[in-house]
Structure formats: C-alpha cells, structure tokens
Amino acid sequence: MTTNVNLLSAEPLGVAFVGGGFMAAVHSRASRATGARFLGVASSTVRSAENASERLGLGPAFASVEELFADPAVDVVHICTPNATHFAFAQAALRAGKHVICEKPLATSAADADELVALAADTGLTAVVPFAYRFHPMVREARARVRRGLAGRVLSVQGTYLQDWLLSKDDDDWRVDSQIGGPSRAFADIGSHLCDLIEFIVDDRMQRVTAVNKTVFPRRGLTAKVATEDIVCVLFETQGGIVGTLTISQVAPGRKNRLALEIGASIESLVFDQENPENLWIGRRKGSELLVRDPEQLDPDAARLSVVPAGHPQGYQDAFNALVFDAYSAVRGAEPDGLPVFADGRRSAVLTEAILESHRLKTWVDVSADLS
Ligand code: SOE
C-alpha cells in the first residue's frame, strides 16, 4: 500500500466539473483542499454552468461538455450530474484520456457498468465512484477490528438508511423520475451506500438477496407516474454465511441521513451511525464501550484518516475530502487501500438489479455469479 504521495508538493492536477448542484459543491470543496487547479465547469446549459461557476468558484463555464473533455489541461473530471447521464459522460471522459470521479449510481444498468469497468481497465486511468462513507475513521476502525480478528467471526448485520426529504406527496426531485434517476431510487441512491459499507467492513459479499419494495405515493409533485421505490426491505446472506436485514427509506419522519449499522460478531458488536460519526459502540458480553475517535487509540488505517486531534469533530465533508485526496493520489500512481473504484460501482448496479428482480418475482435472487 502506498499512500504517502505528496499531493501538495506535486504539480497541481487540472480538474473540471460536469454538473453544478449539491454534489458538485461537495466535490469541489474536497478538490480545493488538495490545491488542484480549477479549469471550469460544464452543465446542461451554458447559463447553468455560469451560475455554478459563480456560486462555487469552479473556473470558467465551458460551452459544452465536449469542449471540457477536449481540454488537454484537464487531468481529472468530476461527474456530478443526474444518474441517467453518468454512463455516457464517464465513457466520453475515459475515451478522452481523463481520470474520472463519477457520482453514484455509476450506471443505471449492470451492463452499462460492465462496459465502464472494462473501459477503465483498458485505458489504465483512475476511475472512482465516491462511496465516501468508507472514509470515516470509525468505519475503518470497525473494518480493522473485523480484519484483525478482535471482533470475532461476523454472524449478522442489521443496517438502516433512512431519510425524510421525500416524506410528503408534494416532495419531488429528478431522482423520482426513472427516466432521469434510473429504475431504482431509494436503493440505488442510498441503499447502494449501505451495501457498499457493509461489504467493505465485513470483507464479504452478499450471495443472495430477497426484497420487498414500496412506492408510497404513485404520483408526486410534477411526476405523474412514480415508478421508483420509497422504501426497500432486504434480507440477505453472504458468501461466508453472514445473514442480515436492511431497511432503506426516503419517507422516514425526522431521519435526515441516518445510515446506521450493527455488525454482530462472535466477540463484539460494532455499531456505527453516520450522523454521529465520531463514535463506534463496541458491545461485549462484559465491558461494552463507546469508543470516541482519538487517533492515538485507533488502528493505523483509521488514525490515517483522522485529520484533526481528538475532541475536534470530523464529519461528512472530511470523509469526502479524504476520498478525493486518495483518488488524486491514485492518479499520481499510489494504491490507497479502500479506494472505491468503478468495479465497486458495478457491484452496486448488480445488487440494484437483483433487488428490483427479487421484488418483481417475489423470490430470492442469487448473485453468486458476480462473486468469481
Ligand atoms: C440524496 O438522497 C443524497 O444526497 C444521496 O444522493 C447521497 O449519496 C447521500 O450521501 C445523501 O443523500
């Protein structure tokens, strides 16, 4: 593992952004922290690119996304656009020789995600999907405890990812519309993070899944016919025999972004809640403890991601900063442990299709073909 590539002393990378919404703001703050050179932004119209450029300080507005991809000074492209556009933009960026950080879901079908993985491998370019929750120090601590055997053998997982921003029938967003957001909403948007995090921590893969999905509002706001799900309940079993349940909802009152998991192993239970990311509850038959982030008490992988001393809270943006830092280090030739790449985005697309199929056919879906 090489992680000590010194980004700050190297020639700054030239970066550009496609899209100018909430996620572009998060990406750009993380990119700025590395000292990257901002070369501009493209969006659906020149006017919205200009607007994003002014609001976020991204550099000049490109007249088109093609012009952005053709700029030889651009080393890395951040794709932060609605889901249905990710495939074509990521493909064009790789073909133009750019390193890519593409928002999730990487693609709206597993077949498209396959193509992108193959293209990334052919070009040898760095191709990252920002499963940023992997970059919380206490997530790394949980992973290290499983890896080092401190937690014992993992037996069960209980995961939830709950939000309430789509609670009312008047709430609407492009993610609701399957033409723009893709065939799955709650699972592809947030369930994907949850599954990625579980597989990352327990170092095992779901082998079969069964799901029940619910669309609470058949029409919302401007969307006349809602074909995407508000709630998903999943039962799964991993290749290594871990069993688990997941509840994913975007209509859970009072829950803003509650990704929470409980890993039940034979010696320890490990509980992480991304709304309180400085803590990891470690349950033991005797002597349970609430471990509070303190680099001096953490595994080296978790301590590496602790950017401020204990007692100075870190959060979501810090995790994102760490992801972008590691992605740029990979562009420089490092191999940072735990960097989520296009293969992880593809994995998520495979699970998304399995969840939709399981709900449709009211049956278990075997995803073991994806494990070889
Ligand atoms: C909206 O549901 C959203 O912003 C997701 O798209 C993000 O991936 C998640 O981190 C927070 O919620």
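A few comments on the model shown:
- Sequentially through the range 355-368, phi angles give Karplus couplings (6.51, -1.76, 1.60; θ = phi - 60°) of 5, 5, 5, 4, 5, 5, 8, 6, 8, 5, 10, 8, 10, 5 Hz, Gly and Pro residues having no value and appearing as x.
- Annotation: the residues VAL216, VAL202, sorted from fewest to most other C-beta atoms within 10 Å of their own C-beta, follow the order VAL216, VAL202.
- Phi angles across the range 141-153 convert, under the Karplus curve 6.51 cos²θ - 1.76 cosθ + 1.60 with θ = phi - 60°, into 3J(HN,Hα) values of 5, 4, 4, 5, 5, 5, 4, 7, x, 5, 7, x, 7 Hz, Gly and Pro given as x.
- The string of couplings for the range 246-253 from the Karplus curve (6.51, -1.76, 1.60, θ = phi - 60°) is 9, 10, 10, 8, 10, 10, 10, x Hz, one whole number per residue in order, with x for Gly and Pro.
- Other residues lying with their Cβ under 13 Å from the Cβ of ASP170 contribute a combined charge of 0, Lys and Arg counting +1, Asp and Glu -1.
- In terms of other Cβ atoms within 10 Å, LEU305, LEU356 run from fewest to most in the order LEU356, LEU305.
- Between the amide H of VAL251 and those of GLN163, distances stay under 5 Å, these residues lying 5 or more places away or on another chain, with hydrogens modeled in the peptide plane.
- When you restrict to C-alpha pairs under 8 Å that are six or more residues apart and normalise by the size of the chain, the relative contact order lands at 21 percent.
- Residues ARG208, ARG47 in ascending order of nearby Cβ atoms (within 10 Å, fewest first): ARG47, ARG208.
- Counting only lysines at least 8 places from LYS214 when in the same chain, those with an alpha carbon closer than 21 Å to its own are LYS169, LYS225, LYS256, LYS362.
- For ASP230, the amide hydrogen comes within under 5 Å of the amide hydrogens of LYS214, THR215, VAL216, counting only partners 5 or more places away or on other chains and with H modelled in the peptide plane.
- Inter-part distance where the range 293-350 and the range 164-224 are each reduced to a Cα centre, Å: 25
- Electrostatic bookkeeping for ARG147 treats Lys and Arg as +1 and Asp and Glu as -1; over the other residues with beta carbon under 12 Å from its beta carbon, the sum is -2.
- Extension gain, THR245 to HIS312, is 20.8 nm, computed as 0.36 nm per intervening residue step minus the present C-alpha separation.
- Relative contact order of the range 48-150: 20 percent, from C-alpha pairs under 8 Å at least 6 residues apart in sequence.
- Helix-derived mean residue ellipticity, 222 nm - over the chain, DSSP H n ≥ 4, -39500 (n - 2.57), to 500: -9500 deg cm²/dmol
- Looking at the chain alone, DSSP beta bridges between its own residues are antiparallel in about 65 percent of cases.
- FRET efficiency estimate (nearest 0.05) - Cβ-Cβ, ARG148 to ARG285, R0 25 angstrom: 0.85
- Where labels lie 7 Å past Cα in the beta-carbon direction, separation of GLU66 and ARG47 in nm: 2.3
Taken together, the values in this text are just the output of simple stated rules run on the coordinates, not laboratory data. No experiment lies behind these values; they were computed from the predicted model shown. Cβ: placed from backbone, ideal geometry, glycine included. Neighbour counts: every protein chain shown.
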